[in-house]
Amino acid sequence: MLLTTHQLEKTYPNREIGPINLSVEPGIISGLVGPNASGKSTILQMVSGAEHRDSGQITIFGKPIAELQQSEKRIAYVPSHYQASPYWTGNDLISWYHHWYPKWNQNQMQQLVKQFDFELHIPYEKLSTGNKRKLLISLAMSTESDLLLLDEPSNGLDFLSKTALYESIQNWMENSERSILLASHDVDEINKLMDHITLIHLGKQVRSFEKDEELGQWAYVWISNQTAISPPEEVVTTIPSSMTQWITQDLSKTRSILELKQIDYRYNVMQMNEILEWMYKTIQTNMIAK
């Protein structure tokens, strides 16, 4: 396992984060998904070392993160907000990264600058929001680290730049020993980048799943109001209408039950944004019930 966290926790005066237990495999893009202020950024900060954790363990390739030597720089972090001098240019930042990351790949950096089309001689504070993101992501991807931590990576990018970003991330992931832990609430990033998703709600880890396993299983199912049947356990809610509408999280099982009882039905599988919406509704309902 490339990255594991065990019982990671952080307490603030007005909220708590954790416990967070993550397992990130090589070759996988894992996502932290949740609403604003749910704790996603804080989790990335704790993994990167930018934020002190109150308790819990973090290991990289089985080694406690505190035991990694400078020569083993294996994590590159792109925060949601820049944390160095606003007067540094891209060239200044390249010099800084080159100094701290022993496997710095200047050829990679040059290719990304060309692909993303931004200038290196301009002070960071003078760059557009989109070019700031392009610069920071390019720097991180050029460190040749094993793990990228990306916080809302496409924030501020136009649709053409987003396409270039997704392509560059997929190219970077061609090395099967690498992984990305990505925090986002952007449906486009979730759909196009993430393999595994961990849902974060009010600082808590509430669900983890493989994205492809859920796609095709969550669906809207309609049956006649004249049909006398109780919703099976995989149906999370029933919506009264001209036809009874079920929200199911296991379409295969629901279809089997209806076909066994010879009940006519129709269905429509959900998109990922709809699945996440109903997952959160279910989570909130369960929390209220407790």
Query raised in the report: Per-residue accessible area for residue 287 at 1.4 Å probe radius, Å² rounded to 10?
Result: 90 Å²
Query raised in the report: Given springs between every Cα pair under 10 Å in a Gaussian network model of the chain, which of 112, 215, 44 has the largest fluctuation?
Result: 215
Query raised in the report: How high is the relative contact order of region 146-290, in percent, with contacts defined as C-alpha pairs under 8 Å that are six or more residues apart?
Result: 19 percent
Query - Residues of region 48-66 with amide N under 13 Å of a point placed 7 Å along Cα→Cβ from residue 21 - result: 57
Query - Distance (nanometres) between label positions extended 7 Å along Cα→Cβ at residue 208 and residue 158 - result: 4.0 nm
Query raised in the report: Under 5 Å between amide H atoms, partner at least 5 residues away or on a different chain: which partners does residue 207 have, H built in plane at 1.01 Å?
Result: 199
Query raised in the report: If R0 is 22 Å, what FRET efficiency do you get for residue 260 and residue 227 from their C-beta distance, rounded to 0.05?
Result: 0.95
Requested in this report: Could you order 282, 238 by accessible surface area, starting with the largest, using a probe radius of 1.4 Å?
Outcome: 238, 282
Requested in this report: Counting other Cβ atoms within 10 Å, keep those with at most 16, restrict to DSSP loop, and tell me which GluC sites (Glu not before Pro) in region 47-127 are left.
Outcome: 51, 119
Report task. Please list 116, 159 in order of solvent-accessible area, largest first, computed with a 1.4 Å probe with all protein chains present. Result -> 159, 116
Query raised in the report: Amide H neighbours of residue 122 under 5 Å, counting only residues 5+ apart in sequence or on other chains, H built in-plane at 1.01 Å?
Result: 90
Report summary line: Each label sits 7 Å from Cα toward the beta-carbon; between residue 92 and residue 271 the label points are separated, in nm, by 4.3 nm
Query raised in the report: Are any of the pairs 40/204; 40/134; 73/103 more than 19 Å apart by Cα-Cα distance, and if so, which?
Result: 40/134
Report summary line: The FRET efficiency for residue 50 and residue 171, from their Cβ-Cβ distance with R0 = 30 Å and rounded to 0.05, is 0.65
Query raised in the report: Which of 258, 135, 182 moves most in a GNM of the chain, Cα contacts under 10 Å?
Result: 258
**Report entry** Most mobile of 271, 245, 83 in a GNM of the chain (Cα contacts under 10 Å)
**Finding:** 83
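The values are calculated or read from the model by the stated rules, or taken from the named source; none is laboratory data. In this text the structure is predicted, and so the values were computed from the model without any measurement. Neighbour counts are summed over all protein chains in view; Cβ atoms, including those assigned to glycine, are modelled from backbone coordinates with ideal geometry. Side chains included, ligands, DNA and RNA excluded: accessible areas come from the protein's heavy atoms. Shrake-Rupley method; radii C 1.70, N 1.55, O 1.52, S 1.80 Å.
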